[in-house]
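Data first, discussion second: the structure below is written as structure tokens.
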Amino acid sequence: MRIAMVGTGYVGLVSGACFADFGHHVTCVDRDAGKISALLCGEMPIFEPDLDRLVKFNVDAGRLNFSMDLAKSVAEAEAVFIAVGTPSRRGDGHADLSYVYGAAREIAKAIRKFTVVITKSTVPVGTGDEVERIIREENPGADVTVVSNPEFLREGAAIRDFKHPDRIVVGTEDERGRKVMTEIYRPLYLNQAPIMFTGRRTAELIKYAANAFLATKVTFINEMADLAEKVGANVQDVARGIGMDNRIGSKFLHAGPGFGGSCFPKDTRALIKTAQDHDAPTRIVEAVLAVNENRKRAMARKVAAVFGGNLRGKRIGILGLTFKPNTDDMREAPSLSLIVALQDMGARIQAYDPEGMPQARLELTDVEYCDGAYQCAQNADALIIVTEWEEFRALDFARLKNEMASPVIVDLRNIYRPEELAAHGFLYESVGRASKISV
Ligand SMILES: NC(=O)c1ccc[n+]([C@@H]2O[C@H](COP(=O)([O-])OP(=O)(O)OC[C@H]3O[C@@H](n4cnc5c(N)ncnc54)[C@H](O)[C@@H]3O)[C@@H](O)[C@H]2O)c1
């Protein structure tokens with residue numbers, strides 16, 4: 001199968017490389033000249049574990065290439081995926097579909113034979129209908145079917161997720177579209193990954209419903225964490241205690257500083273808007289979003305509380321900036337709001353992240369960036385764990401304490417055991433585990 005992947009970002013690049021690995025011939029297209037020229041030189045424009053190896057292997061095998069020439073790539077392809085961004089639209093929170101529609105127009109003009117156009121971007125219900133309308137308007141003679149195939153991969157584990165999905169959702173009622181999609185995913189199908197065929201609008205809604213549900217789970221346990229702190233309970237045990245119930249499940253029950261990232265915030269906002277427009281408001285999701293927004297600044301107040309509410313002049317070390325470990329993605333990372341809130345309270349910030357610092361430099365001001373965790377601890381009045389990178393789990397506490405002005409750790413990911421930190425002489429505050437400390 002010849003595939004064109006329009007949009008070579010976190011989703012397009014991973015999907016394109018994995019499809020090539022299945023044996024298809026894939027051209028990843030992007031209009032960002034920097035991205036394409038880097039990829040042509042063998043450099044990855046993003047950090048995703050093992051991606052460089054997968055890309056190199058398939059480029060060397062002649063199955064994967066990169067181009068800015070959308071028209072040529074589309075004309076040669078039997079299947080064209082749209083994997084461009086769908087960020088929140090400025091002002092109202094709707095999904096900004098200008099990149100999707102722009103890509104659809106360009107694709108329409110380039111179609112030469114029967115082509116399946118597949119929306120992989122996360123798009124509101126009805127977008128597939130509009131993509132089809134645009135293609136027919138631009139190229140009335142085009143022999144085309146438009147399919148929805150939302151993507152569920154997680155950054156940081158993207159290749160594994162793509163190759164071992166819990167399910168593949170394909171929204172089409174067209175027999176030819178169904179055949180092509182079955183062929184594209186055949187290698188996974190043989191591995192028993194369930195393919196679910198459904199209507200196009202249903203497929204579009206499945207993606208938003210999935211993300212909204214997961215965001216709800218995270219927010220629910222975050223509220224339980226706040227309650228646990230007040231009543232002297234341990235939220236990790238609560239999560240374990242409810243997670244062992246199969247009807248609930250243990251995933252996404254880790255209390256923390258609130259969800260962020262490139263998907264949950266924008267997708268919950270977009271679902272809320274779609275639901276309001278259709279006069280079927282999703283009140284639960286509205287509450288989830290509002291609770292999550294408040295939480296980010298509440299985390300700054302949690303840090304301040306350790307110092308009796310006053311952070312003026314305090315030097316705070318931030319460990320972890322990306323919205324989760326194993327990615328360089330800083331989009332809507334909780335660290336951004338947290339740092340600004342701490343700065344508003346008069347704190348001086350020094351920070352370290354294994355992959356996120358180049359992007360963070362573009363988004364934050366007045367932050368001192370460090371070479372590693374121990375440098376980040378130097379002269380700090382407190383150290384805050386914001387992202388649970390593996391390398392933060394096994395720090396040398398004695399050395400850390402030596403570096404710091406005062407031994408205070410606020411662990412927003414609950415990666416340490418309170419007893420251990422106490423034994424090392426730290427004042428330790430975490431999330432949803434009652435502790436009575438202040439300096
Ligand atoms: N990032 C994730 O973890 C994830 C997971 C599942 C679904 N999604 C969805 O997938 C979509 C893409 O997300 P992403 O994180 O990969 O975005 P991204 O911003 O990393 O990549 C999008 C790319 O599309 C390119 N582009 C835009 N218009 C183009 C055009 N007309 N022609 C060629 N290239 C064009 C941009 O230059 C950019 O490189 C979004 O809808 C997102 O919600 C993302």
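The values are calculated or read from the model by the stated rules, or taken from the named source; none is laboratory data. Keep in mind the model is a prediction, meaning the values are calculated, not measured. Note that each Cβ is placed from the backbone with ideal geometry, even for glycine, and that neighbours are counted across all protein chains shown. Note: accessible area is taken over every heavy atom of the protein model, side chains too, but ligands, DNA and RNA are not part of it. Shrake-Rupley method; radii C 1.70, N 1.55, O 1.52, S 1.80 Å.
Please go through (1) out of contact with any Ser or Thr (no Cβ under 6 Å at 6 or more places or on another chain); (2) open to solvent by less than 20 Å² (accessible area, probe 1.4 Å); (3) of a type outside the set (S, T, N, Q) for Gly356 and return the number of the only condition it doesn't satisfy.
(1)
With the structure loaded, tell me whether Val123 is more than 9 Å from the ligand (Cβ to nearest atom), at pLDDT 95 or above and not polar (S, T, N, Q) or whether it fails that test.
When the stated conditions are applied, Val123 does not pass them.
Say whether the condition of being within 13 Å of the ligand (Cβ to nearest atom), in contact (Cβ under 8 Å) with a residue 12 or more places away in the chain and closer than 25 Å to Pro194 by Cα is met by at least one residue in segment 130-149.
yes
Does Val100 fit the bill of being touching a Ser or Thr at 6+ places or on another chain (Cβ under 7 Å), modelled with pLDDT of 95 or more, assigned to a helix (DSSP H, G or I) and hydrophobic (A, V, I, L, M, F, W, C)?
It is true that Val100 is touching a Ser or Thr at 6+ places or on another chain (Cβ under 7 Å), modelled with pLDDT of 95 or more, assigned to a helix (DSSP H, G or I) and hydrophobic (A, V, I, L, M, F, W, C).
Within segment 398-421, track down each residue that is exposed (fewer than 14 other Cβ atoms within 10 Å of the Cβ) and within 23 Å of Asp237 (Cβ to Cβ).
If the condition is that a residue be exposed (fewer than 14 other Cβ atoms within 10 Å of the Cβ) and within 23 Å of Asp237 (Cβ to Cβ), then Arg417, Glu419, Glu420 are the ones that fit.
Being acidic (Asp, Glu) and either in contact with a Phe, Trp or Tyr (Cβ under 8 Å, 6 or more places away or on another chain) or touching a residue at least 40 places away in the same chain (Cβ under 8 Å) (or both), is that true of even one residue in segment 360-381?
Yes, the conditions are met somewhere in segment 360-381.
Take segment 298-330 and flag every residue that is within 20 Å of His254 (Cβ to Cβ) and of a type in the set (D, E, K, R).
Lys302, Lys324, Asp329, listed by residue number.
Go through segment 264-285 residue by residue and tally those that are away from the ligand (no atom under 16 Å from the Cβ) and either more than 17 Å from Asp92 (Cα to Cα) or open to solvent by 30 Å² or more (accessible area, probe 1.4 Å) (or both).
The number of residues fulfilling the criteria is 9.
Provide a single number: the residues in segment 374-397 that are open to solvent by 10 Å² or more (accessible area, probe 1.4 Å) and not charged (D, E, K, R).
Looking only at that region, the number is 8.
Give me the residue from segment 99-113 that is in contact (Cβ under 8 Å) with a residue 60 or more places away in the chain and open to solvent by less than 50 Å² (accessible area, probe 1.4 Å) and, out of that set, nearest to the ligand (Cβ to nearest atom).
Looking at the filtered set, the residue picked out is Ala103.
Could you please give the count of residues in segment 117-160 that are within 17 Å of Arg200 (Cα to Cα), of a type in the set (Asp, Glu) and in contact with a Lys or Arg (Cβ under 6 Å, 6 or more places away or on another chain)?
Total satisfying the criteria: 1.
Return the residues of segment 315-349 that are of a type in the set (D, E, K, R) and open to solvent by less than 60 Å² (accessible area, probe 1.4 Å); say none if nothing qualifies.
Correct list: Arg315, Lys324, Asp328, Asp329.
From the residues in segment 64-98 that are within 23 Å of the chain's Cα centre (by Cα), buried (at least 23 other Cβ atoms within 10 Å of the Cβ) and aliphatic (A, V, I, L, M), which one is nearest to Ala110 (Cα to Cα)?
That would be Ile82.
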